[in-house]
Amino acid sequence: MQGIDRVEPRYRFAGFVRGGFLILAFAWCLLAHAIDRLDPGEAPTLKEDEGLLAVSVDTSAALGSVKFLRVGTFFGGDVLAHVPVGRTMQLYVVPAGRYQWVKVNLVDAYNWSSILTLKDDPEYAFEVKAGQITYAGELVLRPRGWFTSGVRVANRSLPVIDWLREKFPALYERYPFVYSGHYPDPFPEFYRKERAAAADPPADLDAVRAPPEPGELALPPKILWASGRIDTAVLSPSGALMAEVVHESDGTQWLRLIDVDAGSSQALVKSTLGIGDVQWKDERTLLANLPSLGGDQLHAFVLGERSGEARRFEHLEGPAGGRIVDLLPDYPGEILYEARVRQGTLVVHRLEVASRRAMQGFAKTSIANRLNKGVDDDLAWYADGYGALRAAVAKKDGERVLMHGSYGKFSPILRLSEDDGLTPLKLSYDGNVIYALSDQGRAQRDLVVYDPAQGKITKTLYSKPGVDVAAALFGDRREPIGVRYYENGRLVSEYFDGRNRSIEAMLQNAFPRRSVAIVDRNRAADRMLLWVDGSDQPAQLYYFDAGKREAQLIDEAMPELQKRKFVPTELMKLQNAAGMPIDAFVTIPDGNGKRPLVVMPHGGPIGVADALHFDRGVQFLASLGYAVLQVNFRGSDGYGRAFREAGRYQYGRGIEDDIDAALQAALERFPLDKERMCVLGASYGGYSALYSAFRWPGRFRCAVSISGVSDRTLFFTASDGGTTRQGREALERWIGNPRTDLEAMIATSPLYQYRQLTLPIMLVHGREDARVDFEHTRRLIRMLNLVRRPPVALSFDDEGHSIGEAKNLDAEWSGIAGFLRQHLGAVPAGAPAAAKAADGTAATAAGASSRRP
């Protein structure tokens, strides 16, 4: 037939031979890299180059599939199909070698699917060794949408061990179980030995006891932990108007417009999903972000004239999923706005916020004519005071990098993921320098000027020996006008010019023994919003008119607490054994005789500190009649670099020594009952509570750990800080290295000293905690059950590192109250009294009281 060449038989036969060889080679590849998925009860004997692989996937939404492969192969892996919500586990016989999670197929409720690719990320690779059961950690997925998913690997070996003991008992007994993450995990072998040695373990090894009923509470947690009313408050450029985002008791949020001069307010919009950033563009235009399916959506409220008690306004909806780059105060009606448009391209354009057409048409704006050019993989942009783009954050080699330049030419100046002691704050008005906080080569954190052109700090704007600057204060033209720092437990604002120093002095006289912060000011800087609180005073929002020298109460942050009396906290100074000065805080409720004491170490522990702000936990314990001791031990923030770095490698060592020194000083100086003491803390404070229980046996009657670390080595393999190379380097720099410090970490881990935890223990933990994984609590509960000492415990399915839901907070603190009362005894508490303002006058309804500095 025309057009078809005839193939001679000998050539056709040669083609068959070649094809046969290809098929044989392909089959050999399959056999060489074959893996065997095991069914429960199977117990094959491993070949010399084979190992067992236990995989586990924990997902909050059903998945189409999850795939892993042997590195360098196409077929040396498996696909877990139709993965349901919850934990899915599977055991394989595999050739020894390196493997990687490569792909997740996300499927939403409408059967739309998207692919999450992991193959290029080394964090999802793992090594399987011959002759053992390898566990590479659990693949944890929390899908948040069609194209985004929170994904990480967490070491949760105990559920896998339980599953293996039930489904593959012969294999579990025959082969060692080894975690193959970045750091060793001694727990699997420790647990195997301890369980084998347990004389008479109970049938239920996960048993916990419910907290005792607390009885009547003078300050119910559901009232104390009610959502704060005030979320955001901002002044208009003239200061005549203010906008406030407030929470209502039903969970809704309102954006309110307040006409300060007229004394009226009105609602602009309501949201059940929250209200984000709120900013004034000008005197007539208020901008706010509200949640939408496409991300935070920009809304503009264009104000008209007053009509009776309210103002007319036009509500315009704008683009979603973006961010205001700059308000362009010198350009009427325009802002700089960035968002991702077609194909995910980030574009920055000027946006007319008072134009409905412009607001609705941003998604169709030109990619070719975008203002942001010269930076690949850009994530966010920053402009100078003239509206020119001068800086950007971009992704380079998996890290966030700060770029600087102009006219489309930008150079990297700083890796934001590096802990190099420099924190950028704001571009100067001309965009040529960056104001930053730094402790590079310094004795404390100072306010400095960083010059990108020279690549170095060129000027120190503020430095106070031994005091860390907490924040910088800026004027209308982006110039630094002052700083904030903590001194003797109080927030201090120090200004550089005489006028602002005079205003600050007036405010301190008006609000003695209070922390006063100016949270916003008008352009003339003669009208301000003040945030005022104290250890015994919930935060209040004031409007301050400098010309009239009058501060007017606008709103209460916690109106439910307005008529209640709280206990003031006293600063106690001491020196630790190393001669370093230590600040501690003692809260002692009214009463006769010595008070029972709760020691309450803070979390962190590095770079965190307690202060004389209103503390719900402290006041709740005081309402039970218990004194409270808080300690800013070595490593705490605010006291300079040397003090902060003195906390390095001091977990379970010097930090606990400082707490002990403060405790001894408090027992000497205050009427405290040393025979009735408990210790309670969250995060690192939870670790400290558990560690104190066996370091000082007999000292405390009980210990409460909230989201606390029980296994120091596990913190490296089951926390968000350990999921990146930079995070692991930071952990090693501050805590130590499990590869070299394993014995010391085991010796100071409550989990491995569980037999010494003989006092009553209460554990509180959210099962979605990414910082201190619930595995810490799961393991400790198991070990305490081995010696028939089940702890009191509360766990919450949908909570993370901090408990947030009102019903869960009520259960948590009511349970803590019952537990403490059982072991410290009930102490009569005084009846709630009317709250007193700082000048001794009774506080009145919001907006009705004022005071003259």
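Of all residue pairs spaced 6 or more apart or on separate chains, those with beta-carbon atoms under 6 Å, a first member in the range 46-75 that is under 27 Å from Gly86 (Cα atoms) and basic (Lys, Arg) and a second member that is open to solvent by 10 Å² or more (accessible area, probe 1.4 Å) and part of a loop (DSSP other than H, G, I, E, B) are Arg70/His33.
Checking Val7, Val17 one by one, the residue that is open to solvent by less than 80 Å² (accessible area, probe 1.4 Å), assigned to a loop (DSSP other than H, G, I, E, B) and at pLDDT below 60 is Val7 and no other. For the range 47-65, a residue qualifies if it is crowded, with 18+ Cβ neighbours inside 10 Å and aliphatic (A, V, I, L, M), and the qualifying residues are Leu52, Leu53, Ala54, Val55, Val57, Leu63.
Filter the range 219-236 down to residues that are assigned to a loop (DSSP other than H, G, I, E, B) and in contact with a strand residue (DSSP E or B) (Cβ under 6 Å, 6 or more places away or on another chain) and give me whichever is surrounded by the most Cβ atoms within 10 Å (Cβ to Cβ). Give the derivation first.
If we filter the range 219-236 for residues that are assigned to a loop (DSSP other than H, G, I, E, B), which is where we start, we get 219-220, 225-229, 236.
When the remaining residues are screened for being in contact with a strand residue (DSSP E or B) (Cβ under 6 Å, 6 or more places away or on another chain), the result is 227, 229, 236.
Working: Ser227: 15, Arg229: 21, Ser236: 25.
So, considering only residues that are assigned to a loop (DSSP other than H, G, I, E, B) and in contact with a strand residue (DSSP E or B) (Cβ under 6 Å, 6 or more places away or on another chain), the one surrounded by the most Cβ atoms within 10 Å (Cβ to Cβ) is Ser236.
Only a single item in (1) under 27 Å from Gln753 (Cα atoms); (2) of a type outside the set (A, V, I, L, M); (3) open to solvent by less than 20 Å² (accessible area, probe 1.4 Å) is not met by Arg595, and it is number (1). Consider the range 802-836 and keep the residues that are buried (at least 17 other Cβ atoms within 10 Å of the Cβ) and of a type in the set (Gly, Ala, Ser). The one that is modelled with the lowest pLDDT is Ala835.
Among residues of the range 541-554 that are under 18 Å from Ser515 (Cβ atoms), those with a Cβ under 6 angstrom from a residue that is at pLDDT 95 or above and among the aromatic types (Phe, Trp, Tyr), sequence gap 6+ or separate chain, pair up as Ala551/Tyr542; Ala551/Phe544; Leu553/Tyr542; Ile554/Tyr543. Being at pLDDT below 95 and crowded, with 20+ Cβ neighbours inside 10 Å: is that true of Tyr651 here? Against the criterion (at pLDDT below 95 and crowded, with 20+ Cβ neighbours inside 10 Å), Tyr651 qualifies. Among the conditions (1) closer than 27 Å to Asp773 by Cα; (2) open to solvent by 10 Å² or more (accessible area, probe 1.4 Å); (3) at pLDDT 90 or above; (4) assigned to a strand (DSSP E or B), Asp78 misses just one, which is (1).
Of the residues making up the range 607-623, those that are open to solvent by less than 40 Å² (accessible area, probe 1.4 Å), hydrophobic (A, V, I, L, M, F, W, C) and not in a helix (DSSP H, G or I) are Ala611, Leu612, Phe614.
Identify, please: which residue in the range 306-323 is of a type outside the set (S, T, N, Q) and over 27 Å from Lys364 (Cα atoms) and is, among those, surrounded by the most Cβ atoms within 10 Å (Cβ to Cβ)? So, considering only residues that are of a type outside the set (S, T, N, Q) and over 27 Å from Lys364 (Cα atoms), the one surrounded by the most Cβ atoms within 10 Å (Cβ to Cβ) is Arg311. The residue of the range 86-110 that is least open to solvent (accessible area, probe 1.4 Å), among those that are modelled with pLDDT under 95 and not in a strand (DSSP E or B), is Asp108. Counting only helices (runs of 4 or more DSSP H) that sit completely within the range 649-720, those holding 3 or more residues that are of a type in the set (A, V, I, L, M) and touching a residue at least 60 places away in the same chain (Cβ under 8 Å) correspond to 654-669, 684-695.
All conditions in (1) of a type outside the set (A, V, I, L, M); (2) more than 30 Å from Ala525 (Cβ to Cβ); (3) open to solvent by 50 Å² or more (accessible area, probe 1.4 Å) hold for Gly466, with the sole exception of (3).
Can you confirm whether the range 193-213 contains a residue that is open to solvent by less than 30 Å² (accessible area, probe 1.4 Å), touching a helix residue (DSSP H, G or I) at 6+ places or on another chain (Cβ under 9 Å) and outside any loop (DSSP other than H, G, I, E, B)? Checked the range 193-213: no residue is open to solvent by less than 30 Å² (accessible area, probe 1.4 Å), touching a helix residue (DSSP H, G or I) at 6+ places or on another chain (Cβ under 9 Å) and outside any loop (DSSP other than H, G, I, E, B).
Given the criteria assigned to a loop (DSSP other than H, G, I, E, B), open to solvent by less than 10 Å² (accessible area, probe 1.4 Å) and hydroxyl-bearing (Ser, Thr, Tyr), does Ser636 qualify? Against the criterion (assigned to a loop (DSSP other than H, G, I, E, B), open to solvent by less than 10 Å² (accessible area, probe 1.4 Å) and hydroxyl-bearing (Ser, Thr, Tyr)), Ser636 qualifies. Ala471 fulfils the conditions (1) part of a strand (DSSP E or B); (2) more than 21 Å from Asp420 (Cβ to Cβ) except for a single criterion, (2).
Checked against (1) open to solvent by 10 Å² or more (accessible area, probe 1.4 Å); (2) within 30 Å of Gly591 (Cα to Cα); (3) over 21 Å from the mean Cα position of the chain (by Cα), Ala662 passes all but condition (1). One residue stands out in the range 409-435 among those that are among the small types (Gly, Ala, Ser) and open to solvent by 30 Å² or more (accessible area, probe 1.4 Å): the one that is nearest to Val347 (Cα to Cα), namely Ser411.
Check Asp282, Asp261, Asp277 and return the single one that is in contact (Cβ under 8 Å) with a residue 12 or more places away in the chain and more than 24 Å from Pro332 (Cα to Cα). Let's see the steps before the verdict.
Details: Asp282 fails: more than 24 Å from Pro332 (Cα to Cα); Asp277 fails: more than 24 Å from Pro332 (Cα to Cα).
Answer to the check: Asp261.
Each residue in the range 509-551 was checked for being surrounded by 16 or more Cβ atoms within 10 Å (Cβ to Cβ), more than 31 Å from the chain's Cα centre (by Cα) and closer than 30 Å to Thr587 by Cα, and 3 pass. The sole residue among Ser406, Ser438, Ser366 that is without any contact (Cβ under 8 Å) to a residue 24 or more places away in the chain, polar (S, T, N, Q), under 20 Å from Glu338 (Cα atoms) and open to solvent by less than 70 Å² (accessible area, probe 1.4 Å) is Ser366. Applying the criterion of at least 3 residues that are open to solvent by 40 Å² or more (accessible area, probe 1.4 Å) to the helices (runs of 4 or more DSSP H) found wholly in the range 722-801 leaves 725-734, 742-747.
The values are calculated or read from the model by the stated rules, or taken from the named source; none is laboratory data. No experiment lies behind these values; they were computed from the predicted model shown. Because the Cβ atoms are built from the backbone with ideal geometry, glycine has one as well, and the counts that use them run over all protein chains shown. These accessible areas exclude ligands, DNA and RNA; they are computed on the full protein's heavy atoms, side chains included. Shrake-Rupley method; radii C 1.70, N 1.55, O 1.52, S 1.80 Å.
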